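The values are calculated or read from the model by the stated rules, or taken from the named source; none is laboratory data. The shown structure was predicted, so the numbers you read here are calculated from the model rather than taken from an experiment. Ideal geometry is used to build each Cβ from the backbone, glycine not excepted, and the neighbour counts take in all protein chains shown.
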Amino acid sequence: MKSPEWLETLNPQQRRAVEHRDGPLLVLAGAGSGKTRVLTRRIAHLIEVHGVGPSEIVAVTFTNKAADEMRRRVDQLISDTEAASRIIISTFHSLGARLLRNHAHLAGLDWGFSIYDATDQKRLISDVLDRMNKASDRAAVRHHQHYVNGRKNRGQTPMEAMEQAYNAASEENAEFYRTYQNALRDAGAVDFGDLILQPLRLLREERGFADRLSRLWKFLLVDEFQDTNPAQYEMLERLTATHNNLAVVGDDDQSIYRWRGADPAHILGFEEAFDDVEIVKLEQNYRSTGLILDAANDVIAQNQRRHSKQLWTDRPDGEPICVFTGRDDREEASWVAEAIFDELRKGAEPEDFAIFYRTNAQGRLFEEQLRQYGIDYRVVGGTSFYDRREIKDVLAYLRCALNPRDDVATARVINTPRRGIGKKTLEKLRAATTVDGIEHLQDAAEFVDETTGGDQPALFGIQSANPAEQEVLDALESLRGRPKGGISRFLQILEETRDDLMHFESLADVVERLLERTDYPAFLESSEPDDAADRLRNIFELINAIEQFEQDPTTPQLIDEVRQSISDEVDDPLVTADASLRLRGFLDRSALVSQAEEADDEQGAVTLMTIHGAKGLEFDTVFVVGMEEDTFPNLRDDDPEELAEERRLAYVAITRAQNRLFITNARRRRIYGKTRNTEPSRFLLDINPERLRLDPRSSTTSIDYAASRRHSAKKRHSRHSTRSAASSSWSFDQSSGGTSKSDDGFNQTPSHWDGDEAFSQDVDVQVYDDGDAGADSTSKLVGSTVSHSRFGVGKVLDVSGSGDRARLTIDFATVGQKTVIRKFLKVLG
DNA sequence: GGCACACGAATTTTT
DNA sequence: TTCGTGTGCC
C-alpha cells in the first residue's frame with residue numbers, strides 16, 4: 001500500500017502522529033496546530049495504509065459539532081463513502097447511548113428507555129425530594145442535581161457513594177442518589193450521567209462485554225482529551241485494555257469543562273498511566289498572527305500547572321489588537337456593530353466575523369445592535385432548539401407513546417393542551433402510583449379510564465387492603481366530568497399514535513397526525529398569540545429534522561443494531577415497527593444534540609456565541625467582548641482552580657482569531673437590571689500593552705481605566721497623590737491619537753476626558769443622555785453614523801440647516817436614502 | 001380547573 | 001431584565 005500524497009503536506013510532528021500505528025499515543029496539540037487535521041488523517045491512514053477496517057475505528061469527541069466536522073472531513077479524505085460511513089465518529093454520550101440501546105437488557109433497561117436531559121432530571125429530582133418529604137425548592141434541586149452528576153462523572157454508583165460517605169450529610173446525599181436512581185429506573189429512563197456510567201458498569205461487571213467490544217473496536221481516537229471526566233477515562237481504559245490502541249489529542253491549556261467533571265490530570269498524567277506512550281507535541285500554530293498568539297501566551301503564561309510547550313508561528317505580527325472601552329454595555333455593543341458595519345462596507349464577508357461573550361445573556365445587546373445596522377447574524381447556542389417548550393411538548397408525547405413508564409414526559413403533556421386535568425387530578429394520579437399494580441402515571445390514567453362508573457370492575461380489579469391506598473384508589477374512581485374525559489382523551493391520543501407508529505412508514509407523518517390530534521397549533525394560537533407563529537415554525541423545523549434523520553445514510557445502520565439487539569426477546573409489533581425504531585433513534589439524537597444543526601446558514605452571517613461554544617472554531621476577525629472583572633473572569637468563589645479555568649477560557653477565545661482581534665469592555669454594565677461600574681478584566685491587563693491599541697473613541701484614555709478611578713479615589717483621601725500601584729499590570733500610555741470627544745456625537749457631555757481626575761468624576765456622575773440632540777454644530781455630522789428609531793442605522797451624507805431642525809440626508813443600511821429632521825436622530829459616532 | 005396577576009427569585013459555561 | 005412559582009379570583 002502506498003502512502004497517500006497528502007502525507008507530504010504534514011509537518012514532521014503531525015506526520016509522526018498520523019503514522020503511529022499501535023499503542024498509546026498522546027498528541028499535545030496547541031491551539032491552531034492542526035489537531036483535527038491530524039485526527040482525520042490518522043483515521044484515513046489507518047484505513048488506507050494499515051488496512052484497518054473502518055468499523056474497527058472509533059473516534060470520540062465531546063460535542064456534536066466536533067463530531068459532525070470530523071465526519072465531514074473524513075468523508076473528504078476517504079473516497080469509499082460506504083467505508084467512511086462505517087467509521088464510528090460520535091460524542092462520548094452518543095456512544096454511550098448507542099451501547100445502552102444495543103444492550104438495554106444487559107443494563108436492566110427496557111428497550112424503549114428514555115433519555116432525560118437536565119430539565120427532565122430536575123423535574124424527577126424534585127418529585128423524588130417530594131416523595132422523600134424533603135425540601136424541593138430550586139436550591140435543593142440544584143444541590144442534588146450537582147451531587148448526583150458529580151458522582152456519576154466520577155464513575156460512582158449509589159452503592160459506591162454510600163461506601164465513601166464520611167458523615168451524616170454525605171450519607172444523606174448518597175441515600176438520595178440511591179432513591180433517585182431507583183426512580184430513574186422505575187421511569188425506564190437514564191440521565192446524561194448514566195450514558196457514561198451505565199455502559200461503564202457493563203464494562204466493569206459483565207464478563208466478556210469489554211472483550212467483545214475491544215475485539216470490535218481496535219483503534220480509539222479521542223479528541224479534546226483534556227475534557228474527559230473520570231468515568232469517561234475509565235471507559236476508555238477498559239475499552240482499550242487488551243490492545244492499548246488509544247490515541248488521544250488535546251491541549252491542557254484548553255481545558256474548560258472542569259465544572260462538568262473534566263479533569264486535566266488525565267492529560268497531564270497520560271504518560272505515566274500507560275506504558276510506552278508515544279508523545280507528539282504540535283507547537284506550530286498555523287492560525288493566528290504573531291501578536292494574537294503573543295497575547296494569548298501572555299494570558300495563559302500566568303497559569304502554573306501546564307504541560308510545557310512553546311507555541312510559535314512563522315506568520316507576521318499582524319495588526320495590533322484593538323481595544324475599545326465603551327461607557328456602558330450598550331455603547332460597547334453598538335461600537336462592535338459599527339466596526340463590523342464599516343468592514344462590510346469595505347467588502348468583508350459577514351461570516352468572517354465572530355463575537356464571543358462569556359455568558360449567553362450578553363448576546364442580546366449585540367443582537368439588537370446588529371439588527372440596527374442591518375447586519376445578518378446567527379446566534380449559536382443559547383436556548384437550544386430542543387429546549388423550546390413546543391419542541392419538548394411534541395417530543396414528550398412521542399416519549400409517552402414509546403415508553404409508558406416515562407412519568408416526567410407524561411406529566412408534561414397530560415394536560416397540554418389543556419384538557420381539564422389540573423393540579424388536583426394530577427396529584428390523585430401521582431398518589432396512585434405507589435399502589436401495587438399501578439406503577440406509573442399512565443397506569444393510573446388507565447385505571448381511571450376503565451372505571452366506567454360503578455357497574456364494571458376497575459382495571460385489574462385492584463383493591464387494596466391498606467385503607468390509605470384504598471382511599472387513593474377511591475379518589476381516582478370518583479373522578480368524573482372534565483378530568484375524567486381529559487384522561488380518556490389523553491390515553492386515546494397515545495393509543496392512536498402508537499397505532500400510527502405501527503402502520504406508517506414515515507415518522508414525519510406520525511408527528512403531523514399527532515399535531516392534528518392534539519390540536520396543538522390551535523392551542524399555541526390561543527395560549528400565546530404573539531409567539532404562536534414562531535413556535536409553529538419551530539415545530540415544522542422539528543418535522544424537517546425528523547425527515548432529515550430518516551434520510552441520513554447512517555440511520556439504517558443505527559436502526560439495524562437496535563433491531564438485532566431486541567429481536568429475540570420482544571415480539572411486540574409496536575417495538576419492532578420501523579417507525580418506532582427510527583423514533584427511538586431520533587429521540588436519542590434530539591436528547592443529545594443541543595442545537596438544531598444549523599449547518600445551513602454558515603454563510604452570510606456574523607456569528608455570536610459563548611466562548612465555550614467557540615472552542616475548536618476559527619474566524620478571520622474575532623471580538624471578545626465584556627472583558628471586565630466579574631463578567632470575565634466570572635468567579636463564584638475565590639478558588640484558584642476556577643480562576644485558572646477562566647484564564648484558559650480567555651486563551652481559547654483569543655486563539656480563535658486568525659487575523660484580527662478586538663477586545664472590548666464597558667465601564668458600566670447592567671446586570672439583573674442594575675447598573676454597575678466595572679473594572680477591566682485582569683486578563684486584558686495581563687497582555688503586554690505593546691501588542692494593544694486603544695481605540696480613540698473609547699470612553700477612557702487608559703486600558704486600565706479602573707486604575708485612574710482608584711488613583712483619584714486615593715487622591716480624594718490623601719493629599720499626596722501617588723500613581724496607582726494597585727495594578728500589577730504594565731502601564732499603558734496612549735501616546736498619540738487621544739482625540740477630544742467634541743465631534744463624536746456625545747458632546748452634550750463636556751469634553752473633560754483628558755485627565756484621570758475628570759474621568760473619575762465622569763464615572764461617578766455622568767449619566768448617559770440618550771437621544772437628546774442638543775445644539776451641536778450639525779454641519780460636522782456629515783460622515784458620522786446615526787440611528788433612527790424606524791430606519792435603523794445610517795451614514796450622514798448631507799446636512800442643511802442647523803440645530804434640532806436641520807435636515808439630514810442619510811444613507812440607511814436597511815432602507816437606503818432618506819431625509820430626516822435632526823431631532824429624530826441619535827448620533828452614534 | 002383555568003386564568004391573570006403579583007411577587008419573588010435568580011442567573012456561567014453544555015453533553 | 002426575565003423567568004418561574006404562588007396567590008387569588010372567575
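Under 6 Å between Cβ atoms, which residue pairs at least 6 apart in sequence (or on different chains) link something in the stretch A:219-232 that is in contact (Cβ under 8 Å) with a residue 60 or more places away in the chain and on the phi > 0 side of the Ramachandran plot with a partner that is buried (at least 24 other Cβ atoms within 10 Å of the Cβ) and part of a strand (DSSP E or B)?
A:GLU224/A:GLY250
Please pick out the residue among A:ALA83, A:ALA44 that is crowded, with 17+ Cβ neighbours inside 10 Å, in contact with a helix residue (DSSP H, G or I) (Cβ under 8 Å, 6 or more places away or on another chain) and at negative phi.
The conditions single out A:ALA44.
Which members of the stretch A:347-372 meet the condition of being of a type in the set (A, V, I, L, M, F, W, C), within 16 Å of DNA strand B (Cβ to nearest atom), in a helix (DSSP H, G or I) and touching a residue at least 40 places away in the same chain (Cβ under 8 Å)?
Answer for the stretch A:347-372, where residues must be of a type in the set (A, V, I, L, M, F, W, C), within 16 Å of DNA strand B (Cβ to nearest atom), in a helix (DSSP H, G or I) and touching a residue at least 40 places away in the same chain (Cβ under 8 Å): just A:PHE366.
As an exercise: evaluate A:LEU46 against (1) within 16 Å of DNA strand B (Cβ to nearest atom); (2) assigned to a helix (DSSP H, G or I); (3) in contact with a Phe, Trp or Tyr (Cβ under 7 Å, 6 or more places away or on another chain) and give the number of the one condition it does not meet.
A:LEU46 satisfies all of (1) within 16 Å of DNA strand B (Cβ to nearest atom); (2) assigned to a helix (DSSP H, G or I); (3) in contact with a Phe, Trp or Tyr (Cβ under 7 Å, 6 or more places away or on another chain) except (1).
Hey, does the stretch A:409-432 have a residue that's without any contact (Cβ under 8 Å) to a residue 12 or more places away in the chain, closer than 30 Å to A:LEU344 by Cβ and either surrounded by fewer than 21 Cβ atoms within 10 Å (Cβ to Cβ) or polar (S, T, N, Q) (or both)?
no
Go through the stretch A:85-123 and report how many residues are closer than 21 Å to A:ALA401 by Cβ, part of a helix (DSSP H, G or I) and of a type in the set (A, V, I, L, M).
2
Considering every residue within the stretch A:63-70, establish whether at least one is of a type in the set (Asp, Glu), over 21 Å from the mean Cα position of the chain (by Cα) and more than 16 Å from DNA strand C (Cβ to nearest atom).
no
Looking at A:THR631 and the list (1) of a type in the set (S, T, N, Q); (2) surrounded by fewer than 19 Cβ atoms within 10 Å (Cβ to Cβ); (3) within 20 Å of the chain's Cα centre (by Cα); (4) within 16 Å of DNA strand C (Cβ to nearest atom), which single condition is not satisfied?
(2)
Determine whether the stretch A:665-686 contains at least one residue that is within 22 Å of the chain's Cα centre (by Cα), away from DNA strand B (no atom under 16 Å from the Cβ) and surrounded by fewer than 20 Cβ atoms within 10 Å (Cβ to Cβ).
Checking the stretch A:665-686: not a single residue is within 22 Å of the chain's Cα centre (by Cα), away from DNA strand B (no atom under 16 Å from the Cβ) and surrounded by fewer than 20 Cβ atoms within 10 Å (Cβ to Cβ).
Inspect all residues belonging to the stretch A:385-395 and state whether any of them is part of a helix (DSSP H, G or I), farther than 19 Å from A:VAL622 by Cα, under 26 Å from the mean Cα position of the chain (by Cα) and of a type in the set (Ser, Thr, Tyr).
yes
Could you list, in sequence order, all residues of the stretch A:108-143 that are within 16 Å of DNA strand C (Cβ to nearest atom), over 11 Å from A:TYR180 (Cα atoms) and among the polar types (S, T, N, Q)?
A:THR119, A:ASN133, A:SER136
Which of the residues spanning the stretch A:279-295 are more than 13 Å from A:THR655 (Cβ to Cβ) and surrounded by 17 or more Cβ atoms within 10 Å (Cβ to Cβ)?
Within the stretch A:279-295, A:VAL280, A:LYS281, A:LEU282, A:GLN284 meet the criteria.
Taking the condition modelled with pLDDT of 85 or more, part of a helix (DSSP H, G or I), of a type in the set (Lys, Arg) and more than 12 Å from DNA strand B (Cβ to nearest atom), does A:ARG489 pass?
Judged against the criteria, A:ARG489 is not a match.
Kindly indicate which of A:ASP276, A:ASP263, A:ASP298, A:ASP342 is charged (D, E, K, R), at positive phi and either crowded, with 18+ Cβ neighbours inside 10 Å or outside any strand (DSSP E or B) (or both).
Going through A:ASP276, A:ASP263, A:ASP298, A:ASP342 in turn, just one is charged (D, E, K, R), at positive phi and either crowded, with 18+ Cβ neighbours inside 10 Å or outside any strand (DSSP E or B) (or both): A:ASP276.
What are the pairs, 6+ residues apart or on separate chains, where a residue within the stretch A:653-670 that is within 16 Å of DNA strand C (Cβ to nearest atom) has its Cβ under 6 Å from a residue that is among the hydroxyl-bearing types (Ser, Thr, Tyr) and in a loop (DSSP other than H, G, I, E, B)?
Matching pairs, first to second residue: A:ARG669/A:THR678.
For A:GLY604, indicate whether it is at pLDDT below 90, at positive phi and within 17 Å of the chain's Cα centre (by Cα).
So A:GLY604 does not fit the description; no.
So for the stretch A:320-328 (the condition being on the phi < 0 side of the Ramachandran plot, at pLDDT 95 or above and in a loop (DSSP other than H, G, I, E, B)), does at least one residue qualify?
yes
For the stretch A:403-426, which residues satisfy the criterion of being at pLDDT 85 or above and among the charged types (D, E, K, R)?
A:ARG405, A:ASP406, A:ASP407, A:ARG412, A:ARG418, A:ARG419
State all residues of the stretch A:238-271 that are free of Cβ contacts under 8 Å to residues at least 24 places away in the same chain and more than 27 Å from the chain's Cα centre (by Cα); if no residue qualifies, say none. Give the derivation first.
Initial filter on the stretch A:238-271 (free of Cβ contacts under 8 Å to residues at least 24 places away in the same chain): A:265, A:269.
Hit for the stretch A:238-271 is A:GLY269, nothing else.
Is it the case that the stretch A:613-628 has a residue that's in contact with an Asp or Glu (Cβ under 8 Å, 6 or more places away or on another chain), modelled with pLDDT under 90 and surrounded by 18 or more Cβ atoms within 10 Å (Cβ to Cβ)? Break it down stepwise before answering.
Taking the stretch A:613-628 and keeping what is in contact with an Asp or Glu (Cβ under 8 Å, 6 or more places away or on another chain), we get A:615-616, A:619-621, A:625-626, A:628.
Applying the additional criterion that residues be modelled with pLDDT under 90 yields A:615-616.
Subsequent filtering for residues that are surrounded by 18 or more Cβ atoms within 10 Å (Cβ to Cβ) retains A:615-616.
Looking through the stretch A:613-628, at least one residue is in contact with an Asp or Glu (Cβ under 8 Å, 6 or more places away or on another chain), modelled with pLDDT under 90 and surrounded by 18 or more Cβ atoms within 10 Å (Cβ to Cβ).
Report, by residue number, each residue of the stretch A:9-30 that is surrounded by 24 or more Cβ atoms within 10 Å (Cβ to Cβ) and in a loop (DSSP other than H, G, I, E, B).
The answer is A:GLY30, and nothing else.
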